[in-house]
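These notes concern the structure reproduced below.
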Amino acid sequence: MSGTTRQWISAFERGRTRVETDLAFGALGAIGLSVDLSPDPPEPAHGMLTTVEAARRIRRELDNGDTEFALRLLARTVADIRSIADPTERAAAMSAPPSTGDFRWDTLIAATFEREARMTGAPPPKWTESSPLGDPWFPDPDPLLADRHTAATPPELAHRNIFFDRRNLESL
């Protein structure tokens, strides 16, 4: 590597405190390494629900038997993420969530955020890929609404055997 001496490399390896960046980057490049100085993706604004935080809270509500509030949390998360204009920040807010402890709810969250990504023209995150449920599931179990839910279900949910009116994902 031109521009370096054996003494410079030895001092660099020993943690020399003053190093010329062009020589340091050159030395790293010579051994197949590089330095990424990109900033971390920005965090969503305080108080906004991300998919990670939503899944944690939904799990808590499911453990308490409150599926109605769990659905409200999902709708709030959709609204919060839709309000993010920056694509990098939106992608960070749609990071892979932990399990809710219920495969149906995990699948509902995955299908919902696959839909949200597609609606913005972004590729869906890899974590949104999920298998369909074995039996049809209506998160809102009111039998009087079953036909309405079936007719108004987004394709991303219907393909997974989940039937839920898309308007319930868009309002609190």
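A quick yes/no check of all residues on (1) modelled with pLDDT under 95; (2) over 15 Å from the mean Cα position of the chain (by Cα); (3) under 20 Å from Ala158 (Cα atoms); (4) assigned by TED's automatic domain parsing to the domain that holds Ala152:
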position	(1), (2), (3), (4)
Pro42	yes, no, no, no
His46	yes, yes, no, no
Asp63	no, yes, no, yes
Asp86	yes, no, no, yes
Ala92	yes, no, no, yes
Pro97	no, no, no, yes
Thr107	no, no, yes, yes
Ala110	no, no, yes, yes
Phe113	no, no, yes, yes
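Do the conditions hold for Leu144, that is, is it hydrophobic (A, V, I, L, M, F, W, C) and in contact with a helix residue (DSSP H, G or I) (Cβ under 9 Å, 6 or more places away or on another chain)? Show your work before the answer.
Working: hydrophobic (A, V, I, L, M, F, W, C): yes; in contact with a helix residue (DSSP H, G or I) (Cβ under 9 Å, 6 or more places away or on another chain): no.
No: the conditions fail for Leu144.
Cβ-Cβ distances below 6 Å connect the following pairs, each with a first residue in segment 114-128 that is of a type in the set (D, E, K, R), a second residue that is assigned to a helix (DSSP H, G or I), and a separation of six or more residues or different chains: Glu114/Thr128; Glu114/Glu156; Arg115/Glu156. Scanning segment 139-162 for residues that are within 15 Å of Leu74 (Cα to Cα) and either in contact with a strand residue (DSSP E or B) (Cβ under 8 Å, 6 or more places away or on another chain) or surrounded by fewer than 15 Cβ atoms within 10 Å (Cβ to Cβ) (or both) yields a total of 2. For Leu157, indicate whether it is touching a Leu at 6+ places or on another chain (Cβ under 9 Å) and within 23 Å of Asp86 (Cβ to Cβ). Answer is no for this residue. The set of residues in segment 121-157 that are aliphatic (A, V, I, L, M), more than 24 Å from Glu61 (Cα to Cα) and part of a helix (DSSP H, G or I) comprises Leu144, Ala151.
Look at (1) within 18 Å of Ala54 (Cα to Cα); (2) touching an Asp or Glu at 6+ places or on another chain (Cβ under 9 Å); (3) part of a helix (DSSP H, G or I) and you find that Ser99 fails only one, number (3).
The values are calculated or read from the model by the stated rules, or taken from the named source; none is laboratory data. Note that the structure is predicted; figures quoted are calculated from it, not measured. All Cβ positions, even for glycine, are placed from backbone atoms using ideal geometry, and neighbour counts span all protein chains on display.
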